[in-house]
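S.K.: Pasting a structure below so you can have a look.
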Amino acid sequence: MSSRSLHTLLFGCALLATSASMGCWVEPAPNRTDPGHPVATSKAVLDSGRTLVAAPGDGAGVFVTYSTEGQWQVSWTCDTNLSHQPCAFDLRIYVDGMTDLALAGSDARLTRTASGFTVQTTTSTTTDTASFRGTAGAPATIAVTINGASYPQFLFYVADGKVATAASLPIELTPSIP
């Protein structure tokens, strides 16, 4: 082995040892049974028991609420009154122990997966909604596109008593009270 190769190897080992001592490591991806389960790029706590009200047709957005005991509601609207165009929504939602899925939407295409569901709709001046139950207190991972693009600023929830938006998508939302 040349002295340069040995120097590179020793530098790499020293760098690895320094990183390990500073608490730096690589974690594996979550072990999910559903290969379509998105890995959250951001995480947040949403206030349990809060509601969000949107004016259908006046603004595009996805609105996430959690009451208690595992009950979630995700609603979405479009800005058709302003844009004169409908919005194509594609939502992927995952939560442990999902049951009691109910969907209200004009042309929703629903696909259930091992740990959640996907829904595609074209929405204009209505509010479409998915309600479901998961394990109480379990986080929900939500990925959304509108017209094929990701807009985290259009995913709304309540945190610390204020309306908040996703930092990035997919997002993992954990209820404040199970």
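Please treat every number below as a calculation from the coordinates, not as lab data. Since the structure is predicted, the reported quantities are computational estimates derived from the model, not experimental observations. A quick note on method: Cβ atoms are made from the backbone with ideal geometry, for glycine too, and the neighbour counts reach across all protein chains shown.
S.K.: With a sphere of radius 11 Å drawn around the Cβ of Gly161, what net charge do the other residues whose Cβ falls strictly inside it have (Lys, Arg +1; Asp, Glu -1)? Please list the in-between numbers first.
M.R.: Working: positive: Arg50, Lys162; negative: Asp47, Asp160.
Neighbour charge sum, excluding Gly161 itself: 0.
S.K.: Using only alpha carbon pairs under 8 Å that are at least six residues apart, calculate the relative contact order of segment 42-175 and give it in whole percent. Working shown, then result.
M.R.: Details: 361 pairs, mean separation 43.6, N = 134.
Relative contact order for segment 42-175 comes out at 33 percent.
S.K.: Compare the peptides 148-154, 130-136, 69-75 by average per-residue count of other Cβ atoms within 10 angstrom and give them in order, highest first.
M.R.: Values: 148-154: 13.4, 130-136: 18.0, 69-75: 19.7.
Going by the mean number of other Cβ atoms within 10 Å, highest first, we get 69-75, 130-136, 148-154.
S.K.: Please list, in chain and number order, the residues 5+ apart from Asp128 or on another chain whose amide H is under 5 Å from its amide H, with Hs placed from the backbone.
M.R.: Under 5 Å from the amide H of Asp128: Trp76.
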